[in-house]
């Protein structure tokens, strides 16, 4: 499982109402916009010109607070006067209690004594844990040490408050290259959910079906499930996993709806289990279909229902209203079934020693087709061991007629672990001499070269590498695959330019990616990876645009949906849009616990509880995330 990490982002809050000019901490608060503009002009310009790649946050270690940044030189250039510095506003979540009205003010919590330039800059030390530079800026007061807290930053120019910033936490996962696949029997991806139009039969595939249900019924109509049955009878695949998302229409009690959904899902599973033994791994999720309900009423006389709470809507969707809306509600009662299939393996129960003997005998007899089948069975054994050692026992002459088998033996090591990429590259170069026009070898070589270049395992000339990628077209590689590689080329290039602080060159790569990604099909994993890449390089608006259309689907990927929420929850304009509530309710139905955690402290894995100053978000949170 990929390790989760967090990116910290900054929200600047400008202030127009100032009630006092001098605090007991020595900070001067400008009493008007004009005065603030006069006193803060230098500081304001410095922040406007700050490279978007420069980041900072407050890190809590025990009860001590540290200002953390990836670029201490920027602070040294900006904090020139002895009165330049920072102060921390320690904010408690208790001020956003659901039973209280929130009163916004300039200082929300307890203001710590400021730390000025000389002490601030002298204190910067590199953190071994994060790699950033940190300097001490205060300690949490004793009376607040048991509270859920966040830490806002006041930036001071000559002791005058010029900028008040809230930090929020963007939940993320390590962004990676788009999965380019490698050629085995066919183009094979590490992400099994990526589909391919390749003429070869792939080892894994998925089937998706939607089965409707009648009101208050959990038995399905036989003709509705017939296409699913027909597919399973004709296929030579076994079911590895069943994922069922069961939906009820929103009218009626939640308890009754959940009961119906469970029964609907279990009736389908019971039927599918008749196709094979042992029991199939199953995942069931159940929810009321608020997403399609709110979408469907948008253009009806009931569109004002969208402004009501869920309980208020349920009270209104009864009697004649329920009957009038039935033409929509009947389509909301259904189960979405996703079957993960794996090609049947007739050698599955054979020991690995016997498989090796069988394979070697088939090679000796030059029965290549059957040897390929046995080879795939050996690969499945290797996955369990996560080691390529068994491959050394396969005896395959380095002859052209065995090229597919030789290539597969080599490339499979990479599928086991990317750390084998350099070894695989060297072995493929040897095979390339035997078959210099083999397009599969050419493609696989480029995939391996990406990792050699990215991790600096040996020197790669950037322009020559790009030319080699473009030349794949001469060998019959489709333009879609080449464009996907070129996007990865610029992902790595951006990463390298960022490390060297070549920000303009990095931006050129980001622009290329934005212009190119529509040229090929993206999986959900790709969407999230690209969005994280864009966000990492401070292109948040582009990341939002990338995900905008996807989040409207009821069967949206969970990580994709929550990544979108992380990006947009701080934008009051977006949150106020008519469609945003539908998106949030979808998230609540998919994973309420994860949705509610968004409003935890940014120091405890949330985005920020200060989102609750928005009345709309607070109402949604209090309706769904509190026991009251």
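Considering region 343-373, and only residues there that are outside any helix (DSSP H, G or I) and without any contact (Cβ under 8 Å) to a residue 24 or more places away in the chain, the residue that is surrounded by the fewest Cβ atoms within 10 Å (Cβ to Cβ) turns out to be 349.
If only one of 231, 253, 222 is farther than 19 Å from residue 524 by Cα, at pLDDT 80 or above and over 22 Å from the mean Cα position of the chain (by Cα), which one is it?
Details: 231 fails: at pLDDT 80 or above; 222 fails: at pLDDT 80 or above.
Residue meeting the stated conditions: 253.
Total residues in region 117-134 satisfying the condition of being crowded, with 19+ Cβ neighbours inside 10 Å and under 18 Å from residue 160 (Cα atoms): the figure is 2.
Could you tell me whether residue 161 is assigned by TED's automatic domain parsing to the domain that holds residue 65 and at pLDDT 95 or above?
Criteria not met by residue 161.
Residues that are under 22 Å from residue 250 (Cα atoms), modelled with pLDDT under 85, exposed (fewer than 15 other Cβ atoms within 10 Å of the Cβ) and not assigned by TED's automatic domain parsing to the domain that holds residue 59: does region 613-620 have at least one? No, region 613-620 has no match at all.
Applying the criterion of at least 2 residues that are more than 28 Å from the chain's Cα centre (by Cα), buried (at least 19 other Cβ atoms within 10 Å of the Cβ) and at pLDDT 90 or above to the strands (runs of 3 or more DSSP E) found wholly in region 1-92 leaves 64-69, 85-92.
In this structure, residue 287 qualifies as closer than 17 Å to residue 251 by Cα, in a strand (DSSP E or B), touching a residue at least 12 places away in the same chain (Cβ under 8 Å) and in the same structural domain as residue 269 (by TED's automatic domain parsing).
Residue check: residue 138 meets all listed conditions (1) under 22 Å from residue 607 (Cα atoms); (2) at pLDDT 90 or above but one, namely (1).
Surrounded by fewer than 19 Cβ atoms within 10 Å (Cβ to Cβ), in contact with a strand residue (DSSP E or B) (Cβ under 9 Å, 6 or more places away or on another chain) and under 30 Å from residue 620 (Cα atoms): is that true of residue 321 in this structure?
Details: surrounded by fewer than 19 Cβ atoms within 10 Å (Cβ to Cβ): yes; in contact with a strand residue (DSSP E or B) (Cβ under 9 Å, 6 or more places away or on another chain): no; under 30 Å from residue 620 (Cα atoms): yes.
Considered against the rule, which asks whether it is surrounded by fewer than 19 Cβ atoms within 10 Å (Cβ to Cβ), in contact with a strand residue (DSSP E or B) (Cβ under 9 Å, 6 or more places away or on another chain) and under 30 Å from residue 620 (Cα atoms), residue 321 comes out as no.
Candidates are the residues of region 135-150 that are closer than 29 Å to residue 31 by Cα and in contact with a helix residue (DSSP H, G or I) (Cβ under 8 Å, 6 or more places away or on another chain); the one that is surrounded by the fewest Cβ atoms within 10 Å (Cβ to Cβ) is 149.
I want to confirm something. Restricting to region 297-310 and keeping residues that are outside any loop (DSSP other than H, G, I, E, B) and in contact (Cβ under 8 Å) with a residue 60 or more places away in the chain, which single residue is surrounded by the fewest Cβ atoms within 10 Å (Cβ to Cβ)?
Filtering region 297-310 down to residues outside any loop (DSSP other than H, G, I, E, B) leaves 297-299, 303-307, 310.
Still in the running and in contact (Cβ under 8 Å) with a residue 60 or more places away in the chain: 298, 306, 310.
Values: 298: 14, 306: 16, 310: 16.
Checking each candidate, the answer is 298.
Mind listing just one residue for me: the one in region 551-563 that is out of contact with any strand residue (DSSP E or B) (no Cβ under 9 Å at 6 or more places or on another chain) and touching a residue at least 24 places away in the same chain (Cβ under 8 Å) and, of those, surrounded by the most Cβ atoms within 10 Å (Cβ to Cβ)? Among those that are out of contact with any strand residue (DSSP E or B) (no Cβ under 9 Å at 6 or more places or on another chain) and touching a residue at least 24 places away in the same chain (Cβ under 8 Å), it is 561.
Rundown of residues vs (1) over 21 Å from the mean Cα position of the chain (by Cα); (2) at pLDDT below 90, yes/no style:
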position: 568; (1), (2): no, no
position: 594; (1), (2): no, no
position: 605; (1), (2): no, yes
position: 627; (1), (2): yes, yes
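Is it true that some residue in region 113-120 is assigned to a loop (DSSP other than H, G, I, E, B), in the same structural domain as residue 88 (by TED's automatic domain parsing), within 18 Å of residue 89 (Cβ to Cβ) and in contact (Cβ under 8 Å) with a residue 12 or more places away in the chain?
Within region 113-120 (the criterion being assigned to a loop (DSSP other than H, G, I, E, B), in the same structural domain as residue 88 (by TED's automatic domain parsing), within 18 Å of residue 89 (Cβ to Cβ) and in contact (Cβ under 8 Å) with a residue 12 or more places away in the chain), the answer is yes, since at least one residue qualifies.
Among the residues of region 53-66, those identified as closer than 22 Å to residue 535 by Cβ and in contact with a helix residue (DSSP H, G or I) (Cβ under 7 Å, 6 or more places away or on another chain) are 53, 54.
The values are calculated or read from the model by the stated rules, or taken from the named source; none is laboratory data. Note that this is a predicted model, so its numbers are computed, not measured. With ideal geometry, Cβ positions are generated from the backbone for all residues, glycine too; neighbour counts draw on all protein chains shown.
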